[in-house]
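Report on one structure; see the data block that follows.
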């Protein structure tokens, strides 16, 4: 009886098709990432850019197909909190790199 | 009235509202976990080139082996997802099959990682050797610990599903474990990109 209440909330998007599409996209992006490094056919600077673009795309694939994050109303607060966290991560990581880099240059 | 005194939730709330707020609470925990990983990533980026005369990423990392690890974790994530679809269709045995497959694939990932760590430490390249290795073991080890606890949680949930059956509480816990498990796969995308591939390049 009680179990039927859950049906229409967070599980609403779940389907085999979603997971299979996500899986195929993730495998293709992983192969691109590893291929960029293992084959060495792409110039280094371009390969680094390619790596990060592929990683960002793969994270987006995981969020959308596996974590079912989208702009729908039921996901609104999940989206707001992850956007805020992304800002925090940017401040932490870019800030750390910036500070340590200038420190290194000044110590030279 | 009495009902609302006992519960931490307003009495007029339905089970679905409760599930939604629990999912959001767990999501916010995951965001705070992401902050821990961000700090470890920043530490690795800063210390990652300090080899202290020891071996660097090119000597230590075996990329085809890493590709195997990556595929294990990804298929584990998808197997768990299949289990969640089965849960929606009320097929208990299929849920157990999905969880079991996810557990075995995840355990394979942890076993490969332990083997990798063991080989490095036995060769004298443990975390105390250089800044690069300290930050490497801290970041990759933290992720591996998360995966190990996820496996423990998954084993507990399989037992609960067998004993209690797919009750509201068990289903709601399985949904939060689903978030945790997929989340760890996302962190792994960052790990294999920043720690392994970028450093070898």
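Details
- Fully extended contour minus Cα-Cα distance, from residue A:94 to residue A:49, at 0.36 nm per residue: 14.6 nm
- Helix A:76-107 axis, angle to chain A major axis (alpha carbon atoms, nearest 10°): 10 degrees
- For the residues B:134, B:32, B:148, a GNM of chain B with alpha-carbon springs under 10 Å puts the largest fluctuation on B:32.
- The Rg/Rh ratio for the stretch B:68-124 is 1.21, where Rg is the radius of gyration of the alpha carbons and Rh is the Kirkwood radius.
- Stokes-Einstein D for chain B, Kirkwood Rh over Cα pairs, 25 °C, 0.890 mPa s (µm²/s): 131 µm²/s
- Average other protein chain Cβ within 10 Å of Cβ, residues A:26-39: 4
- Modelled spin labels at residue B:164 and residue B:128, positioned 7 Å past Cα toward Cβ, are 4.4 nm from each other.
- The calculated FRET efficiency for the pair residue B:71 and residue B:156, based on their C-beta separation and a Förster distance of 25 Å, comes to about 0.45.
- Label point distance in nm, residue A:17-residue A:108, each placed 7 Å from Cα along Cα→Cβ: 5.6 nm
- Largest GNM mean-square fluctuation among A:40, A:22, A:95, using chain A with Cα springs under 10 Å: A:95.
- Footprinting exposure proxy for B:90, B:69, B:15 (fewest neighbouring C-beta atoms within 10 Å first): B:90, B:15, B:69
- Residue B:28-residue B:93 FRET efficiency (beta carbon distance; Förster radius 35 Å; 0.05 resolution): 0.55
- Relative to its Kirkwood radius, the Cα radius of gyration of chain A gives an Rg/Rh of 1.13.
- Cα-based Rg and Dmax for the stretch B:145-198, where Dmax is the largest Cα-Cα distance (Å): 14.2, 47
- Nearest-ten-degree value, helix B:63-88 long axis tilted from longest Cα axis of chain B: 0 degrees
- Helix B:92-122 axis, angle to chain B major axis (alpha carbon atoms, nearest 10°): 20 degrees
- Considering only A:20, A:41, A:82, the mean-square fluctuation computed in a Gaussian network model of chain A, springs between alpha carbons under 10 angstrom, is largest for A:41.
- Tail fraction, Cα-Cα pairs, the protein assembly as shown, threshold 23 Å, whole percent: 60 percent
Bear in mind that the values in this text are calculations on the coordinates, not laboratory data. None of these values were measured; they are calculated from a predicted model. Note: ideal-geometry Cβ built from the backbone for every residue, glycine included; neighbour counts use all protein chains shown.
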